[in-house]
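Only one structure is covered here, and it is reproduced in the block below.
Here, each number is a calculation from the coordinates, and none is a lab measurement. Bear in mind that the values here come from a model prediction, so they are computed numbers and not experimental data. Methodologically, a virtual Cβ is constructed for each residue, glycine included, from the backbone with ideal geometry; neighbour enumeration extends over all protein chains shown.
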Amino acid sequence: MNSLVEKLKNTRDLSDIELKTLIESDEYDEELRQAADAVRRERYGDAVFLRGLIEISSYCKNNCLYCGLRAGNLHAERYRLSREEILSCCEEGYALGYRTFVLQGGEDPYFTDERICEIVAEIRMRYPDCAITLSLGEKSRESYERYYKAGANRYLLRHETADPAHYARLHPENMSCENRKRCLYDLKEIGYQVGSGFMVGSPYQTTENLIADLRFLQELQPDMIGIGPYITQKDTPFCDMKSGTAELTLRMLSILRLMFPYALLPSTTALGTIHPMGREMGLRAGGNVVMPNLSPVSVRKKYAIYDDKICTGEESAQCRGCLERRIESAGYRAVTDRGDVRRVRK
Ligand code: SAM
Ligand code: SF4
Ligand code: FES
């Protein structure tokens with residue numbers, strides 16, 4: 001095994017120059033993958049955790065330049081799920097064996113704190129054995145506290161890029177890297193299991209930006225780290241920009257597994273979108289979570305954050321079966337428990 005990879009595996013860290021070498025070369029890919037798989041198996045065995053993803057709203061008041069849900073996208077078809085629709089997704093998900101529900105959406109002012117708390121409390125009451133994850137963007141500390149008290153346990157908020165100058169090129173002026181990071185620290189202090197992460201190959205991203213992302217994650221120590229390739233969306237200002245690659249995403253996944261052996265690392269839908277075997281490859285590179293879509297099929301195409309998103313025509317049960325086969329074909333096993341983080345070895 002190559003010594004750089006071995007060093008990363010043993011020390012869980014490298015200098016910036018060493019990281020740059022690993023990130024910019026394809027020479028270490030197979031060693032990286034094997035080392036990452038060994039570390040993942042040591043900590044989590046062959047388990048792959050399933051999270052049922054419910055995309056509750058495609059309305060968003062923000063204008064992130066890369067995202068198809070941005071407020072300025074006048075071509076976007078908008079929808080929001082009712083309380084009853086969300087609860088019936090949970091019912092279907094529970095029957096399919098999911099023990100984590102992820103409620104994700106644009107920053108939709110319709111979903112006031114009262115409405116969110118009411119839905120969270122109802123899910124908490126009906127499914128006391130399930131984890132409730134929210135991914136609803138940047139809120140005040142008070143709002144996060146209210147959701148937590150209502151019964152939410154986890155929150156996903158990718159930092160997107162840890163470099164303020166790069167952040168400013170991806171977002172309008174009213175959004176800041178600083179506030180995003182503030183949100184993540186607030187969430188952690190409140191007691192949430194926190195997920196952060198970034199897009200790989202986002203416009204203007206440099207290797208130095210990726211290293212800054214790793215350094216920020218070392219500081220934050222999140223429970224989950226979600227990364228996926230940036231994928232171009234035709235109705236955004238970045239419509240002419242290139243998408244990220246599966247190759248670099250897989251390399252970053254393996255590096256993350258070696259730096260954060262304990263972490264929950266999803267093999268994302270975006271990875272499955274840019275490569276037909278992307279999710280299987282993501283699992284083999286160190287990923288141990290998949291997030292199948294539980295949203296009603298009637299709305300799925302409208303949650304068009306990027307082009308050509310997979311799983312938009314399939315029923316939830318079809319995705320469940322399909323994913324189980326894919327997980328097995330990659331050499332792993334889908335498990336239906338809550339899949340909490342393992343900070344120490346079992
Ligand atoms: N609005 C919430 C937020 O921004 O955190 C949650 C929903 S947002 C659609 C979820 C994630 O989608 C973002 O964190 C971003 O990383 C990812 N995303 C948005 N546009 C994307 C694109 N064009 N390609 C890949 N991922 C994208
Ligand atoms: Fe809205 Fe999230 Fe898309 Fe930004 S990434 S436009 S906050 S849905
Ligand atoms: Fe959705 Fe394969 S996972 S169809």
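Of all the criteria given as (1) within 16 Å of ligand 3 (Cβ to nearest atom); (2) out of contact with any strand residue (DSSP E or B) (no Cβ under 8 Å at 6 or more places or on another chain), the one not satisfied by Gly52 is (2).
Of everything in segment 235-250, what is charged (D, E, K, R), farther than 19 Å from Ile23 by Cα and either within 15 Å of ligand 2 (Cβ to nearest atom) or not in a loop (DSSP other than H, G, I, E, B) (or both)? Give them in sequence order.
If we filter segment 235-250 for residues that are charged (D, E, K, R), which is where we start, we get 235, 240, 242, 247.
If we keep only those that are farther than 19 Å from Ile23 by Cα as well, we get 235, 240.
Listed by number, the list holds a single entry, Asp235.
Taking segment 251-273 as the range and being within 16 Å of the chain's Cα centre (by Cα) and in a helix (DSSP H, G or I) as the test, the residues that pass are Met252, Leu253, Ser254, Leu256, Arg257, Thr269, Ala270, Leu271, Gly272, Thr273.
Which members of segment 308-321 meet the condition of being over 20 Å from the mean Cα position of the chain (by Cα) and either closer than 21 Å to Gly226 by Cα or not in a loop (DSSP other than H, G, I, E, B) (or both)?
Ala317, Gln318, Gly321
One line per residue, one yes/no per condition, for (1) surrounded by fewer than 22 Cβ atoms within 10 Å (Cβ to Cβ); (2) more than 19 Å from the chain's Cα centre (by Cα):
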site	(1), (2)
Leu136	no, no
Tyr144	no, no
Ala150	yes, yes
Cys177	yes, no
Lys181	yes, no
Phe198	no, no
Tyr204	yes, yes
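Counting only residues that are surrounded by fewer than 21 Cβ atoms within 10 Å (Cβ to Cβ), under 17 Å from Leu248 (Cβ atoms) and touching a residue at least 60 places away in the same chain (Cβ under 8 Å), segment 29-54 holds 2 of them.
Sub-8 Å Cβ pairs linking a first residue in segment 304-331 that is within 17 Å of Glu280 (Cβ to Cβ) and in contact (Cβ under 8 Å) with a residue 60 or more places away in the chain to a second residue that is away from ligand 2 (no atom under 16 Å from the Cβ) and of a type in the set (Val, Ile, Thr), at least 6 apart or interchain, are Leu323/Val290; Ile327/Val48; Ile327/Val290, ordered by first then second residue. For segment 196-231, how many residues are of a type in the set (Val, Ile, Thr) and more than 16 Å from ligand 2 (Cβ to nearest atom)? Selection size over segment 196-231: 4.
Confirm whether Leu271 is out of contact with any Pro (no Cβ under 7 Å at 6 or more places or on another chain) and closer than 30 Å to Leu74 by Cβ. Taking the combined requirement at face value, the residue does not satisfy it. Quick check: anything in segment 287-296 over 18 Å from the mean Cα position of the chain (by Cα) and either assigned to a loop (DSSP other than H, G, I, E, B) or more than 16 Å from ligand 2 (Cβ to nearest atom) (or both)? Yes, the conditions are met somewhere in segment 287-296.
Determine, yes or no, whether Ser88 is under 23 Å from Leu323 (Cβ atoms) and not in a strand (DSSP E or B). Yes: the conditions hold for Ser88.
Yes/no per residue for (1) within 16 Å of ligand 1 (Cβ to nearest atom); (2) closer than 29 Å to Tyr204 by Cβ; (3) surrounded by 24 or more Cβ atoms within 10 Å (Cβ to Cβ):
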residue: Leu248; (1), (2), (3): yes, yes, no
residue: Ala285; (1), (2), (3): no, yes, yes
residue: Ala304; (1), (2), (3): yes, yes, no
residue: Glu315; (1), (2), (3): no, no, no
residue: Gly321; (1), (2), (3): no, no, no
residue: Ala334; (1), (2), (3): no, no, no
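Taken together, Leu14, Leu96, Leu8, Leu4 contain a single residue that is under 24 Å from the mean Cα position of the chain (by Cα) and over 24 Å from Ala270 (Cα atoms), which is Leu8.
With polar (S, T, N, Q) and either in contact with a Cys (Cβ under 6 Å, 6 or more places away or on another chain) or in a loop (DSSP other than H, G, I, E, B) (or both) as the only criterion, which of Gln205, Gln218 stands out?
Working: Gln218 fails: either in contact with a Cys (Cβ under 6 Å, 6 or more places away or on another chain) or in a loop (DSSP other than H, G, I, E, B) (or both).
Exactly one of Gln205, Gln218 is polar (S, T, N, Q) and either in contact with a Cys (Cβ under 6 Å, 6 or more places away or on another chain) or in a loop (DSSP other than H, G, I, E, B) (or both), namely Gln205.
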